[in-house]
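**Q** One structure, pasted below without further comment.
The values are calculated or read from the model by the stated rules, or taken from the named source; none is laboratory data. Computed from a prediction, not measured in an experiment: that's the story for all the values here. Glycine also receives a Cβ, built like all others from the backbone with ideal geometry; neighbour counts cover every protein chain displayed.
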Amino acid sequence: MTRTRWLLVLAVLALAGCTSDGGNEGDCTARVRFEGDLYRAHGALPTQAPLGSSVGHGDVVGCGGLDAPAVDRVEVRRIEGVDPGVAVGTRGNWRGLYIREDLASDQSSWPEPLRPPR
């Protein structure tokens, strides 16, 4: 990622003024906007999972919800054994697993490949 892009990301996050909602892993973490939904990282997700085929491209956004300005684009990939409508994975600069934001607080609803070990 270029220096200019990193500065833009930092500026967007700083200006948005997000606060912790208790389920967020930081004040304002990057989210992936894909097919009308927001996906976010979560500390209980596994650090790695086998990624499958590409399902398209999404926008990386900071705070601000679905209408937040995009700070980058990512290739969105299927996580093996998981419907992309529930969670997705990315590679590259924004590498990680992202769960659909409205499902993040209910870990019991997560598919087995994403559930934390007991």
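Listed here are the residues, each with its yes/no results for (1) modelled with pLDDT under 95; (2) among the polar types (S, T, N, Q).
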site: Gly17; (1), (2): yes, no
site: Thr29; (1), (2): yes, yes
site: Gly36; (1), (2): no, no
site: Tyr39; (1), (2): no, no
site: Thr47; (1), (2): yes, yes
site: Leu51; (1), (2): no, no
site: Val86; (1), (2): no, no
site: Gly92; (1), (2): yes, no
site: Leu97; (1), (2): no, no
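**Q** Then there is this: Mind listing just one residue for me: the one in the stretch 43-59 that is surrounded by 14 or more Cβ atoms within 10 Å (Cβ to Cβ) and without any contact (Cβ under 8 Å) to a residue 40 or more places away in the chain and, of those, nearest to Thr29 (Cα to Cα)?
**A** The residue in question is Asp59.
**Q** Residues being over 18 Å from Glu112 (Cβ atoms) and hydrophobic (A, V, I, L, M, F, W, C): count how many of those fall in the stretch 33-65. Spell out the reasoning first.
**A** Filtering the stretch 33-65 down to residues over 18 Å from Glu112 (Cβ atoms) leaves 33-41, 43, 53-65.
If we keep only those that are hydrophobic (A, V, I, L, M, F, W, C) as well, we get 34, 38, 41, 55, 60-61, 63.
Residues flagged as over 18 Å from Glu112 (Cβ atoms) and hydrophobic (A, V, I, L, M, F, W, C) within the stretch 33-65 amount to 7.
**Q** Which of the strands (runs of 3 or more DSSP E) found entirely inside the stretch 57-118 contain at least 3 residues meeting this: farther than 14 Å from Arg40 by Cβ and among the acidic types (Asp, Glu)?
**A** So the answer is none; nothing clears 3.
**Q** Going through the stretch 69-83 one residue at a time, which ones are buried (at least 20 other Cβ atoms within 10 Å of the Cβ) and either over 12 Å from the mean Cα position of the chain (by Cα) or farther than 15 Å from Ser54 by Cβ (or both)? Walk me through how you get there before you give the answer.
**A** Applying the first criterion (buried (at least 20 other Cβ atoms within 10 Å of the Cβ)) to the stretch 69-83 yields 71, 74, 76, 79, 82.
If the condition is that a residue be buried (at least 20 other Cβ atoms within 10 Å of the Cβ) and either over 12 Å from the mean Cα position of the chain (by Cα) or farther than 15 Å from Ser54 by Cβ (or both), then Val71, Ile79, Val82 are the ones that fit.
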